[in-house]
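This report concerns only the one structure given below.
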Amino acid sequence: MRYGFAIADVSGKGAPAALFMALSRAFLKATASEGMSAGECLARVNRLVQAENHAGMFVTMFYGIVNMHTGELEFANAGHNHPYLLREDEPPAMLNHPNSLVIGLRKQVVYSTHRLQLQPGDCLFLYTDGVTEAMNEAGELFYEERLEQVLARSGGDSLQEITRSINGAVRQFVNGAPQSDDLTMLLVKYCG
């Protein structure tokens, strides 16, 4: 049995961006059901989205597929933030892989499929740039370093507690400054 998951972020704001994201999501959902690799899936989604892209918008997307029996993760990344692997008794590790081009700008893009062996208890933390680019009143960004510190302190916590810890740390950091982007987080745990 395979389990697919994705996180994405669209350029722009408002109704046009929401419609563009809905279109991208629908294409991903339809394409993912065909059973192809993560990279092939994003390549097809890109072609479909690009054909309908009349506004020059784009979407960053990370798409992963976990084999629930073996723990093998295959994934492709279309310009999205690199997720973190959270493994018991180890510091948070950002996945190290080359990104491909964002979705929607060019018709023919190759999206590489990468592989990672998950162990029972491993978690993946995925997020949008609204988390690391949250800004305080002094114009400072939250950045990956602060995110990694919170993730390191959250070792062994439940997925809900990890999410609450990060959300709380970001809110404390911005200290009432206006929110400039959405905060989207997704945690995926492989139980074995």
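Just the protein heavy atoms count here, and of the accessible area of the chain at 1.4 Å, carbon and sulfur take up 51 percent.
Its Cα gyration tensor gives the range 65-173 an equivalent ellipsoid, and the semi-axes of that ellipsoid, as √(5λ) in whole Å with the largest first, are 25, 22, 10. Going 7 Å from the Cα of GLN172 toward and past its Cβ, which residues in the range 119-153 have a backbone nitrogen under 16 Å from where you end up? Residues 136, 142-143, 145-153 qualify, since their backbone N sits under 16 Å from the label point. With a/c under 1.5 counting as rounded, go ahead and sort the range 100-143 into rounded, prolate or oblate using the C-alpha gyration tensor (a ≥ b ≥ c being the square roots of the eigenvalues; past the cut-off, prolate if a/b is larger than b/c, else oblate). In terms of gyration-tensor shape, oblate. The residue list SER112, LEU23, VAL188 was ranked by how far each Cα lies along the charge dipole of the chain toward its positive end, using unit charges on Cβ atoms, and LEU23 comes out on top. Along the axis of the charge dipole computed for the chain (Cβ charges of +1 for Lys and Arg, -1 for Asp and Glu, origin at the Cα centre), the listed residues ASN99, LEU151, VAL131 are led at the positive end by ASN99. In the elastic network of the chain, a GNM with C-alpha springs shorter than 10 Å, the most mobile of ALA18, ALA93, ALA152 is ALA18. What the Cβ-Cβ distance of ARG2 and ASN99 gives, at R0 = 30 Å and to the nearest 0.05, is a FRET efficiency of 0.85. Restricting the range 33-141 to GluC sites (Glu not before Pro) that sit in a DSSP loop and have at most 15 other Cβ atoms within 10 Å of their own Cβ leaves GLU34, GLU52, GLU88, GLU133, GLU137, GLU140. So the label point goes 7 Å from the Cα of ARG153 along Cα→C-beta, right? Which residues of the range 115-137 then have their backbone N under 17 Å from it? Those under the cut-off are 132. Note on the chain: with a GNM built from Cα contacts shorter than 10 Å, the maximum mean-square fluctuation among ALA22, ALA32, ALA55 falls on ALA55. Remark: the range 1-148 is approximated by an ellipsoid whose semi-axes, taken from the C-alpha gyration tensor as √(5λ), come to 25, 23, 12 Å, largest first. Solvent-accessible surface of the chain, averaged per residue with a 1.4 angstrom probe and all protein chains in place: 52 square angstrom. Our helix-only sum for the chain, with -39,500 (n - 2.57) per DSSP H run of n ≥ 4 divided by its residues, gives a mean residue ellipticity at 222 nm of -10500 deg cm²/dmol. Here the gap between ALA51 and GLU90, fully extended at 0.36 nm per residue and compared with their Cα-Cα distance, gives a gain of 9.7 nm. In this rough spin-label picture, where each label sits 7 Å from Cα along the Cβ direction, the LYS189-GLU40 distance is 3.3 nm. Taking springs between alpha-carbon atoms closer than 10 angstrom, which of THR60, THR70, THR31 fluctuates most in the Gaussian network model of the chain? Checking each option, the largest mean-square fluctuation is seen for THR70.
The values are calculated or read from the model by the stated rules, or taken from the named source; none is laboratory data. Just so it is clear, the model here is predicted, and its values are computed rather than measured. As a convention, Cβ positions derive from the backbone with ideal geometry for all residues, glycine included, and neighbour counts pool all protein chains shown. Accessible surface is based on the protein model in full, side chains and every heavy atom, while ligands, DNA and RNA are left aside. Shrake-Rupley method; radii C 1.70, N 1.55, O 1.52, S 1.80 Å.
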